[in-house]
1. Exactly one of (1) open to solvent by 40 Å² or more (accessible area, probe 1.4 Å); (2) modelled with pLDDT of 80 or more; (3) closer than 24 Å to Lys489 by Cβ is unmet by Asp523. Its number?
2. Name the pairs: first residue in the stretch 283-294 and of a type in the set (Phe, Trp, Tyr), second residue loosely packed, with under 15 Cβ neighbours inside 10 Å, Cβ to Cβ under 8 Å, at least 6 apart or on different chains?
3. What number of residues within the stretch 556-579 satisfy the criterion of being over 33 Å from the mean Cα position of the chain (by Cα) and either modelled with pLDDT under 75 or open to solvent by less than 80 Å² (accessible area, probe 1.4 Å) (or both)?
4. Tell me which of these Glu320 doesn't satisfy, since it passes every other one: (1) closer than 30 Å to Gln463 by Cβ; (2) modelled with pLDDT under 70; (3) acidic (Asp, Glu).
5. State all residues of the stretch 117-134 that are out of contact with any His (no Cβ under 8 Å at 6 or more places or on another chain), crowded, with 18+ Cβ neighbours inside 10 Å and farther than 28 Å from Trp493 by Cα; if no residue qualifies, say none.
6. Within the stretch 70-109, which residues are under 20 Å from the mean Cα position of the chain (by Cα), under 25 Å from Gln129 (Cβ atoms) and in a loop (DSSP other than H, G, I, E, B)?
7. Given (1) open to solvent by 10 Å² or more (accessible area, probe 1.4 Å); (2) touching a strand residue (DSSP E or B) at 6+ places or on another chain (Cβ under 8 Å); (3) without any contact (Cβ under 8 Å) to a residue 40 or more places away in the chain, where does Val157 come up short, assuming only one miss?
8. Checking Thr162 against (1) open to solvent by less than 10 Å² (accessible area, probe 1.4 Å); (2) free of Cβ contacts under 8 Å to residues at least 40 places away in the same chain, which single condition isn't satisfied?
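The values are calculated or read from the model by the stated rules, or taken from the named source; none is laboratory data. Everything numeric here is computed off the predicted structure, so don't read it as measured data. Here the Cβ positions follow ideal geometry from the backbone for every residue, glycine too, while neighbour counts run over all protein chains shown. When the accessible area is computed, the model is the full protein with side chains, heavy atoms only, and any ligands, DNA or RNA have been set aside. Shrake-Rupley method; radii C 1.70, N 1.55, O 1.52, S 1.80 Å.
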Amino acid sequence: MPKKGKKDTKVKGAEKTAAKMEKKVSKRSKRDEEDLEALIAQFQSLDAKKTQVVETKCSPPSPRLSASFSTHPERDELILFGGEFFNGKKTYLYNDLFFYNTKKKSWVKSEIPNPPPPRCSHQAVVVPQGGGQLWVFGGEFASPNGEQFYHYKDLWVLHLATHTWENIKAPGGPSGRSGHRMVLCKNQLLVFGGFHESTRDFIYYNDVYSFSLDTYSWSRLHPQGLPPSPRSACQITSILDGVGVIIYGGYSKVRVKKDVEKGTIHSDMFLLKQEGKDAQEKWSWSRVNPSGNKPPPRSGFSFGVGPAGRSVLFGGVRDEEEEESLEGDFYNDLYLYDMIKNRWFQGQLRGNKSEKKKRRRGQKGEEEEEEEEGEEEEEAVKAPAPTEIIREIISEDGTVMTIKEALPGAQEEQCGHEKERKEDDDSASAPLVEPCPRSNAMATTSQGKLFLYGGMFEVGDRQFTLNDLYCLDLHKMDQWEVLVEMDPKTQEWLEESESEDDEMDEAKGAEGEEESEEDDEEDEEDHPAVKEGETVTDYQNRTEGYWIGLARANMGPDAKDKKVAKVALAMAKVFYEDQ
């Protein structure tokens, strides 16, 4: 018999090491999880008292991240489940269920008896069988103080036709984890990777499990070849013929010293492919090296499956880790991966066409239109790299939010005929609306459109959690549509000093609150008023001197004029939008 190759030995050695680490982590975290299990049981006992399905039209869900966002297989609806919110002092986990009607643009909250307990960083997959089913596996529950973690290994299915939850009891499944990925591949759910973390240890996985939708049974796969390194939060997409999946990117960390951890952002890509059937079924790993304009390394990105065999990647964050600090650059750019051509390209928004150009375009045949769209996509690949700018916004409490944005390359802005520039002048002058940079947002695609909900970004030690909703037509790639604007009133951040002040304010009673409101109104009246029908640009230009003076007073005499001007514009915009 031939000798085992080095790769096979290496793979088996890695599996043994992972098994030992998993056992170690499981033993040390058992006590912590027992405490949380009691808390989870309390939530379930409250849910068990509900016996009827209650559906209520509602405002948009509260700000959150790491929820699941899925597309109904038979209706014009999106399904949002779970997620988390952290206000600086307390962690909230959800198990609420919302449906968003993409035609009516309205939200409905659905309270169904016996749901899964609260969680975040789980995975949900929709399948069409039985009138539509939403399958949910794993995820994480944290104590309110964020110091203890419980990782689920349960499997649930929401029967969309009957509005009932069912807990599937099937042995042999993956261990408890969060940050894993799950995808539908023919008649089975594939689960890859994830992590398990306790107060003392953590472990990242690169194992693969399959759940059969025919037999309702788990099986662990043992693919041949060298697998991806252990990781969580990667992108996983089923390939067109349904016999495999593409895995891209992800995040993991290792302990380099006793109290020092180092994070790694992965940007490699792998193909997990199935060959043969039934008893002859075999799976294998192979490395994929795509061409084109690849995304810069990042974690916490959102992804969906677009038309024509393309997967879509949005946003994310790249952390610069130091021993005592963690700074992140957040993104709001868009990349598409063409599975047929094995190529990345950056998604550039084209903006609205002028009416004259639309009429001229309408005179062309369909074939010419398709050729032109193809040429524009090719140009998006060849287009010069975008220019990064820094935008600073000051929140009501004085926190400065630094946001990175990408503008089209200079050559791209200069190209084209002067005549076309004049025709499109009105549409070009209007800035493109787009989501602010963020990570851990929820994304899904429906009828060729990408929907993006919530997520978060950080400024210093403060975390901003979002509840806005955007939509982008992936066929047109013209501009983002704002379906739900972020509600500033939902932004809450408590620090130790602030919480103490809040308690003192509450002790003063209602009279003190009324006085503070009056003071706020007086402060607002000191700012230049917004005139009726005045645009934000006109307001900024008219009141520029006032806001520069205010920004200079806040930032001090040593601040650079350019930075003061940017902050002044941001302050003016914030005030304008609040009116």
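1. Among (1) open to solvent by 40 Å² or more (accessible area, probe 1.4 Å); (2) modelled with pLDDT of 80 or more; (3) closer than 24 Å to Lys489 by Cβ, Asp523 violates only (2).
2. Partner pairs satisfying both residue conditions: Trp283/His222; Trp283/Gln224; Trp283/Glu275; Trp285/Gln224.
3. 5
4. With (1) closer than 30 Å to Gln463 by Cβ; (2) modelled with pLDDT under 70; (3) acidic (Asp, Glu) applied to Glu320, the lone miss is (2).
5. Ala124, Val125, Leu134, listed by residue number.
6. His72, Thr102
7. Just one mismatch for Val157, condition (1).
8. Going through (1) open to solvent by less than 10 Å² (accessible area, probe 1.4 Å); (2) free of Cβ contacts under 8 Å to residues at least 40 places away in the same chain one by one, Thr162 breaks only (1).
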